[in-house]
């Protein structure tokens, strides 16, 4: 820390002398020193010894993988052929954003860091979420699966028998057409 202060003091005195001798070069030198200082102080600093630019990443590994569900935004492009009033055709592209719920995998990754000067070690965790379509639910052959379905039935207007309008086009009892033309 003391060495850095000494270097900054010498640079300030030299800049002042150059500025007094040649103001043009002095202004350029001031901008160069400000830029160099910005680069120096933008480097990460060790919290233990205070050294800047000595931090090195030594590795990383995945700490946990948690299956979850997340919302992703997808962009679809729809292309339509259109005609202008003069009869020429052109293509019109429209982008549609939609959101869907997808299976995801939440990864917690731990990055390991070490200061080259004092050998102090620490870690930093961060989470990312990626789509995961590889999941399969294991099927147990001894387990009974019950599938429930709601069926709406309406009475036939001719014979009164209950009919499933989704599956039947004609009444199974009297043979009457159930679908009205144009509907």
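Throughout, read-outs are computed from the coordinates displayed, never taken from laboratory work. Because the structure is predicted, anything quoted here is derived from the model rather than measured. We place every Cβ from the backbone using ideal geometry, glycine too, and count neighbours over all the protein chains shown.
Length available on full extension from residue 74 to residue 27: 0.36 nm per residue minus the Cα-Cα distance, which gives 11.7 nm. Label zone of residue 133 (point 7 Å out along Cα→Cβ, amide N under 17 Å): in the range 73-87 this covers 73-77. With Cα atoms as the point set, the radius of gyration and Dmax of the chain evaluate to 36.4, 112 Å. Helix 23-42 and the longest principal axis of the Cα set of the chain meet at an angle near 50°.
Computed from Cα atoms, the angle from the helix 2-21 axis to the main principal axis of the chain rounds to 70 degrees.
Grouping the Cα pair distances of the range 54-134 into 5 Å bins from zero gives a pair-distance distribution of 3, 12, 12, 11, 9, 9, 9, 8, 7, 6, 4, 4, 3, 2, 1, 0 percent in increasing distance order. Residue ranges 95-102, 42-49 sort as 42-49, 95-102 when ordered by packing (mean number of other C-beta atoms within 10 Å per residue, highest first). Placing a pseudo-label 7 Å from each Cα along the Cα-to-Cβ vector at residue 91 and residue 120 gives an inter-label distance of 5.9 nm. Averaging the sequence gap over all C-alpha pairs within less than 8 Å and six or more residues apart, then dividing by the number of residues, gives the chain a relative contact order of 14 percent.
Label sites at residue 161 and residue 99, each approximated as a point 7 angstrom past Cα along Cα to Cβ, lie 4.8 nm apart.
Full extension of the chain segment joining residue 34 with residue 84 gains 12.1 nm, where the gain is 0.36 nm per residue of separation less the Cα-Cα distance.
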